[in-house]
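Reading through the structure tokens given below for one structure.
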Amino acid sequence: MIRIVRTAQGVQIDPTGKLAGRGAYLHDRRDCWERGLRGALAHALKTTISPDERATLEDFMNSLPQEASEGETL
């Protein structure tokens, strides 16, 4: 799971899972991120995701695998 956090500086990926702020988690699969970026992520973080933040999140999303790893359940 990958944590995304809303901080005073904006929405960002939290690779350590330790940044202060309101957080939400997404699986490390592109399809999960696609669903999250449609609105669920902004709702969970109780914020609006700016175009710059969205671009950063989409760049990260595009580096993720499309499907679940073999043997992994959804």
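The values are calculated or read from the model by the stated rules, or taken from the named source; none is laboratory data. Owing to the predicted nature of the structure, the values given are computational and were not obtained by experimental measurement. All Cβ positions, even for glycine, are placed from backbone atoms using ideal geometry, and neighbour counts span all protein chains on display.
What is the number of the single condition among (1) out of contact with any strand residue (DSSP E or B) (no Cβ under 7 Å at 6 or more places or on another chain); (2) surrounded by fewer than 16 Cβ atoms within 10 Å (Cβ to Cβ); (3) modelled with pLDDT of 95 or more that residue 74 does not meet?
Checking residue 74 against (1) out of contact with any strand residue (DSSP E or B) (no Cβ under 7 Å at 6 or more places or on another chain); (2) surrounded by fewer than 16 Cβ atoms within 10 Å (Cβ to Cβ); (3) modelled with pLDDT of 95 or more, the one that fails is (3).
Name the single residue that is modelled with the lowest pLDDT among those in the stretch 29-61 being part of a loop (DSSP other than H, G, I, E, B) and buried (at least 16 other Cβ atoms within 10 Å of the Cβ). Step through it out loud before you land on a result.
At the first step, the residues of the stretch 29-61 found to be part of a loop (DSSP other than H, G, I, E, B) are 29, 46-50.
In the following step, the residues that additionally are buried (at least 16 other Cβ atoms within 10 Å of the Cβ) were identified as 29, 49.
Values: 29: 93, 49: 97.
Applying the filter and picking the extreme gives 29.
Give the residues of the stretch 1-49 that are of a type in the set (Val, Ile, Thr) and over 17 Å from residue 63 (Cβ atoms), sorted by residue number.
Taking the stretch 1-49 as the starting set, the residues that turn out to be of a type in the set (Val, Ile, Thr) are 2, 4-5, 7, 11, 13, 16, 47-49.
5, 7, 11, 16, 47, 48, 49 - these are the residues of the stretch 1-49 that are of a type in the set (Val, Ile, Thr) and over 17 Å from residue 63 (Cβ atoms).
Being in contact with a Ser or Thr (Cβ under 8 Å, 6 or more places away or on another chain) and assigned to a loop (DSSP other than H, G, I, E, B) is the filter here, so list the residues in the stretch 9-28 that pass it.
Passing the criteria: 19, 20, 21.
Which of the residues that make up the stretch 1-27 are exposed (fewer than 13 other Cβ atoms within 10 Å of the Cβ) and in contact (Cβ under 8 Å) with a residue 24 or more places away in the chain? Walk me through how you get there before you give the answer.
Initially, the stretch 1-27 is screened for residues exposed (fewer than 13 other Cβ atoms within 10 Å of the Cβ), giving 1, 8-9, 15-18, 20.
If the condition is that a residue be exposed (fewer than 13 other Cβ atoms within 10 Å of the Cβ) and in contact (Cβ under 8 Å) with a residue 24 or more places away in the chain, then 1 is the only one that fits.
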